[in-house]
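Enquirer: Supplied in structure tokens, the structure appears directly below.
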Amino acid sequence: MGKRTRMRGTRWDRAVVVGGGHAGLVTARVLADHFREVVILERDAVDETTGAHPHAPQGYHAHAVLAKGSQVLEALFPGLRAEMEELGAPVFDYGERIDFLLPAGLAPRCRTGVRVQSFTRAELERRLRRRVMALPGVRLLPSARCEGLVMGRPGTVSRVKYRVTGAEGAAGGVSGGLAGEAAAGSAGESAELEADLVVDASGRSSGLDRWLADLGVPVPGKRVVKAKITYTSMTFDRPEKNPPDFDVAYQMMFAPGISRGGVILAVERNRWMCSLFGYGDEAPPTDDEGYLGFARTLDNAHLAGQIAQRDRPESVHRYVNVNNQWNLYHRSKAWPERLLAVGDSVCVFNPVYGQGLTVAAMEAELLRDMLTGLRAKGQGLDGLSKRYQGRVARLLVAPWTLSSNSDLMWNRDGRPLPARIAHWYNTHLFAVSARDPQVWTRFVGVVNMVASPASLFHPAVFRKVVAQALLHRRSTR
């Protein structure tokens, strides 16, 4: 329906979301308010009891929803924080219950006003999936793999091609109430879905570049910063007697001298989630004895202390594909109408910085605001796609800069000047933060994306950082 003929407040007919992980679920939640029907195509055999889906290998590792992400999720899913807290996922002040080892020493234990909650990604996705599937008009097609896109009028995506890969998908297509032309009848059968809007949320393994090429759309370039960091993770029971005075213990890595790190988080059902990480050849072992031995090499002794209290062996998962990658879709001059890309389909971050879940939630919030504005004005969807990808790019600048600049410093052969300047500043900022609660509090706000990075360059902070740098220079002469 065109811009001039559309009635204000009228919902569009159907949106299709490719990918049923975290980014797909929060996006579907937003779309359900603006479309009569939302169909989620998920290649794995998932249902409302599934946690992190199998094709998300990072789902087995420690995750964080930063304070900003928690705020957005609570707005989209009211009561989610309390629901998770009932399961034992703690809510706490970032400065009071985190034992955070900076490169220059332990961060101050102080109230920061930044409230966070720790839990497993599996439980988060399970809770989100149940809520999204309960929304009117939302249909989940499991075991359904997207194979490409189809244009209707020139330059406009109008259909999604998919193939059912298991009985679950075929059943979902029928019981989900899709139109007869849309539903695949049996495993292995291809089908197409008409859509007023298509959103690719299929993650780092997305086939979007290939789908665009098949349509004759030039694929824009991408930025890649290799992290060369390996994660090895497990969950295990927390001790019921004499619980520690922290909910998170963390040792950050920092190039070039601190090449090992780790984090342990209190999560739901009285468990610990622990991830150990190392740069290059220093990959944390996966055997029980080696895992504990690696933890004992860290300067934050709390990780090894809790790991040593395990009363039985636990499954260990390793993850090595942690490169930062930004697909520059906002630069495409031929980007199709009615097509959006979100989450890891657009930008993948090194998970050590805990940005991915929060950025995906913020992208969903952005889409909600833009769709609300279009409906209020009685406008159609044409023009939305390019504007949205442009605004997503602006949203990504700050987290990308933080993640990529830090990882670039591991590369001894090519450290661009901006990364070296940022590294110099951060080195002395961390030294100040370790003894100054006010500076630490500012840093916490920036890391949690509730404060602008510019706050770390406020004159009150900048003077302290420069003074620290001068002091360090004199002491090392």
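Coordinate-derived values only; no laboratory data. Note that the structure is a prediction, hence the values are computed from the model and not measured. Neighbour counts are summed over all protein chains in view; Cβ atoms, including those assigned to glycine, are modelled from backbone coordinates with ideal geometry.
Enquirer: How big is the stretch 228-319 along each principal axis, measuring the range of its Cα positions in Å and listing the largest first?
Expert: Each principal axis gives a Cα extent; for the stretch 228-319 these are 39, 25, 20 Å.
Enquirer: If each residue of separation counts as 0.36 nm, what is the full-extension length gain between Ser452 and Leu292 once their alpha-carbon separation is subtracted?
Expert: Stretched out fully, the Ser452 to Leu292 stretch lengthens by 53.8 nm.
Enquirer: Charges at C-beta only: +1 for Lys and Arg, -1 for Asp and Glu. How large is the resulting dipole of the stretch 228-319 about its Cα centre, in Debye rounded to 20? Don't skip to the end; give the middle numbers.
Expert: Numbers: 10 positive and 13 negative charges, 23 e Å.
For this selection, approximately 120 debye.
Enquirer: In addition: What is the Cα radius of gyration of the stretch 406-475 over 2.2 N^0.38 Å, N being its residue count?
Expert: Cα Rg divided by the expected 2.2 N^0.38 Å: 1.16.
Enquirer: Along the positive direction of the dipole of the stretch 406-475 (beta-carbon charges: Lys, Arg +1; Asp, Glu -1; about the Cα centre), which of Pro416, Ser433, Val447 reaches farthest?
Expert: Ranked along the dipole, the leading option is Ser433.
Enquirer: Continuing with this model, one more query. If I require 30 Å or longer along the helix axis, counting alpha carbons, and a Kyte-Doolittle average no lower than -0.5, what helices from the chain are left? Use full DSSP H segments. Could the numbers behind the result be given before it?
Expert: Numbers: long enough: 356-377 (32 Å, 0.39); 384-408 (34 Å, -0.20).
Counting only whole DSSP H runs, the qualifying helices are 356-377, 384-408.
Enquirer: Rounded to the nearest 500, what is the 222 nm mean residue ellipticity of the chain from helices alone, with -39500 (n - 2.57) per DSSP H run of 4+ residues and division by all residues?
Expert: After summing the helix terms and dividing by the residues of the chain, the value is -10500 deg cm²/dmol.
Enquirer: By counting other Cβ atoms within 10 Å of each Cβ, how are Thr112, Thr230 ranked from fewest to most?
Expert: Fewest-to-most Cβ neighbours within 10 Å comes out as Thr230, Thr112.
Enquirer: Taking 0.36 nm per residue of sequence separation and subtracting the Cα-Cα distance, how much length would be gained by fully extending the chain between Lys333 and Thr156, in nm to one decimal?
Expert: Working: separation 177, 0.36 × 177 = 63.72 nm, distance 1.34 nm.
Extending this stretch completely gives an extra 62.4 nm.
Enquirer: Under 18 Å between alpha carbons, and skipping anything fewer than 8 positions from Lys464 in its own chain: which aspartates and glutamates qualify?
Expert: Once the sequence-local aspartates and glutamates are set aside, what remains near Lys464 is Asp436.
Enquirer: log₁₀ I(q)/I(0) of the chain at q = 0.10, 0.11 Å⁻¹, via Debye over equal Cα point scatterers, no solvent, to two decimals?
Expert: The Cα Debye sum returns log10 ratios of -0.78, -0.93.
Enquirer: State the Cα centre-to-centre distance between the stretch 200-237 and the stretch 429-471 in whole Å.
Expert: The two parts, judged by their Cα centres, are 33 Å apart.
Enquirer: While we're looking at this one, here's another question. Based only on other Cβ atoms within 10 Å, what is the fewest-to-most ordering of Asp281, Asp13?
Expert: The fewest-first ordering by Cβ neighbours comes to Asp281, Asp13.
Enquirer: List the lysines whose Cα sits under 27 Å from the Cα of Lys333, skipping any in the same chain fewer than 8 residues away.
Expert: Lys3, Lys161, Lys222, Lys377, Lys386
Enquirer: What's the exposure ranking of Cys110, Cys347, Cys146, Cys274, going from fewest to most Cβ atoms within 10 Å?
Expert: Working: Cys110 14, Cys347 29, Cys146 23, Cys274 26.
Listing Cys110, Cys347, Cys146, Cys274 from fewest to most nearby Cβ atoms yields Cys110, Cys146, Cys274, Cys347.
Enquirer: Measuring from the lowest to the highest alpha carbon on each principal axis, how far does the stretch 234-279 reach, largest first, in angstroms?
Expert: So the three principal-axis extents are 38, 20, 13 Å.
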